[in-house]
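The values are calculated or read from the model by the stated rules, or taken from the named source; none is laboratory data. No experiment lies behind these values; they were computed from the predicted model shown. A quick note on method: Cβ atoms are made from the backbone with ideal geometry, for glycine too, and the neighbour counts reach across all protein chains shown. All accessible areas refer to the heavy atoms of the entire protein, side chains included, with ligands and DNA or RNA removed. Shrake-Rupley method; radii C 1.70, N 1.55, O 1.52, S 1.80 Å.
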Amino acid sequence: MPYTIDVHLSPDDVRRRMRTDAIEGLRSTPKSIPPVWFYDERGSQLFEEITALPEYYPTRAERALLEAHAPAIAELSKADTLVELGAGACEKTRVLLSALQQLGVLARYVPFDVSDEFLRDAASTLSEEYQGLAVHLVIGDFTEHLTAIPTEGRRLVAFLGGTIGNFDPARRARFLFDLNCTMSSEDSLLLGTDLVKDRGRLVAAYDDAAGVTAQFNKNVLHVLNNQLGGDFDLDLFTHVAIWNEDEQWIEMRLRATEATDVTLREAGIAVHFDQGEDLLTEISAKFTPARVEEELSAAGFVVDAMWGAEEWEFLLTLAHPYC
């Protein structure tokens, strides 16, 4: 069955957003850049390598949870439509699709992401694998275009990978509230969250011995150079991963090893870095089950079930709107 596609974010829109983010983030104190700009083709490949590293437990833990509990998720949600926010290459999708299919309810799949680079190939493959499956691609930013997601059917909205942890508390609250406003009482939310654990294990997951995460972190500078005419010297920045105990999150930073000046021609800005100055590139918040339930409740959700991986290192939560 051929797929359909809605585009709410064009390549020109993406470039304008990158320009705005670069101007605001590099002129702020401390300097920062959103983690969405890690992901050009090289960045996506590096992240796939990260998920296979021995130190990076979240992907393996979440997939094990999905494989163990997908039948229960399907039974509780009884969804005929799977909506996946930040679908990427749709790697975890088959586990949920198969469970819904086996229950005899699966009708459609709606992958949502900022780029169709991976989605089109995945949509074609899944359309062939799951007979009768309607696939509806949505290209957009889930912080802005949630209302563009098709509403037909009884939906299971999956937000996996711990991506919710990239938002600070205020943005998480706003996102969950906005998402709730787009959902009916029959819809369900499946949320993947990484949990607070041993500090050494947390830091190692973001600072692996092989240096792949360091390459991934520096790739944001490559993207800025390539897309905005920048002249970042990647050799003058080193990767740093820090556990922020007060905020309960990992911070990924790029630290200038010497004073340097950078120009982004397409953004029309010049930026100075002092020696030792950091550029914050990502936060990754970690949770407790109680905190997940509290934040979901504050946004208008009722928790139906929680499943934790071995030693509660990762958590899947199924919830539905109050009414």
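Table for the structure above
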read-out: Single residue of Leu221, Leu254 found to be part of a strand (DSSP E or B), open to solvent by less than 20 Å² (accessible area, probe 1.4 Å), at pLDDT 95 or above and closer than 24 Å to Glu24 by Cβ; value: Leu254
read-out: Given (1) of a type outside the set (A, V, I, L, M, F, W, C); (2) part of a loop (DSSP other than H, G, I, E, B); (3) at pLDDT 95 or above, index of the condition Gly192 fails; value: (2)
read-out: Where Ala319 falls short, out of the listed (1) of a type in the set (A, V, I, L, M, F, W, C); (2) crowded, with 19+ Cβ neighbours inside 10 Å; (3) over 23 Å from Ala70 (Cα atoms); value: (3)
read-out: Close pairs from segment 21-33: first charged (D, E, K, R), partner assigned to a loop (DSSP other than H, G, I, E, B) and open to solvent by 30 Å² or more (accessible area, probe 1.4 Å), Cβ under 8 Å, at least 6 apart; value: Asp21/Pro34; Lys31/Glu277
read-out: Any hit, segment 85-93, residues being open to solvent by 10 Å² or more (accessible area, probe 1.4 Å) and more than 19 Å from Leu126 (Cα to Cα); value: no
read-out: Near pairs, Cβ below 7 angstrom, 6+ apart or cross-chain, from segment 38-57 (surrounded by 19 or more Cβ atoms within 10 Å (Cβ to Cβ)) to any residue that is hydroxyl-bearing (Ser, Thr, Tyr) and part of a loop (DSSP other than H, G, I, E, B); value: Ile50/Tyr56
read-out: When residues of segment 103-122 are limited to those that are among the small types (Gly, Ala, Ser) and touching an Asp or Glu at 6+ places or on another chain (Cβ under 9 Å), the one least open to solvent (accessible area, probe 1.4 Å); value: Ala122
read-out: Selection count, segment 5-34, where residues are open to solvent by less than 70 Å² (accessible area, probe 1.4 Å) and in a strand (DSSP E or B); value: 4
read-out: Residue list for segment 87-116, filter: among the polar types (S, T, N, Q) and under 16 Å from the mean Cα position of the chain (by Cα); value: Thr93, Ser115
read-out: Boolean, Val110 is touching a residue at least 60 places away in the same chain (Cβ under 8 Å), on the phi < 0 side of the Ramachandran plot and in contact with a Pro (Cβ under 9 Å, 6 or more places away or on another chain); value: no
read-out: Scan of segment 151-160 for residues that are in contact (Cβ under 8 Å) with a residue 60 or more places away in the chain and surrounded by fewer than 21 Cβ atoms within 10 Å (Cβ to Cβ), ordered by number; value: Glu152, Gly153, Arg154
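Quick grid of which residues meet (1) surrounded by fewer than 20 Cβ atoms within 10 Å (Cβ to Cβ); (2) without any contact (Cβ under 8 Å) to a residue 12 or more places away in the chain; (3) on the phi < 0 side of the Ramachandran plot; (4) not small (Gly, Ala, Ser):
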| position | (1), (2), (3), (4) |
| --- | --- |
| Thr143 | yes, no, yes, yes |
| Phe175 | yes, no, yes, yes |
| Leu189 | no, no, yes, yes |
| Asp194 | no, no, yes, yes |
| Lys197 | yes, no, yes, yes |
| Leu202 | no, no, yes, yes |
| Asp207 | yes, no, yes, yes |
| Ala210 | yes, no, yes, no |
| Ala214 | no, no, yes, no |
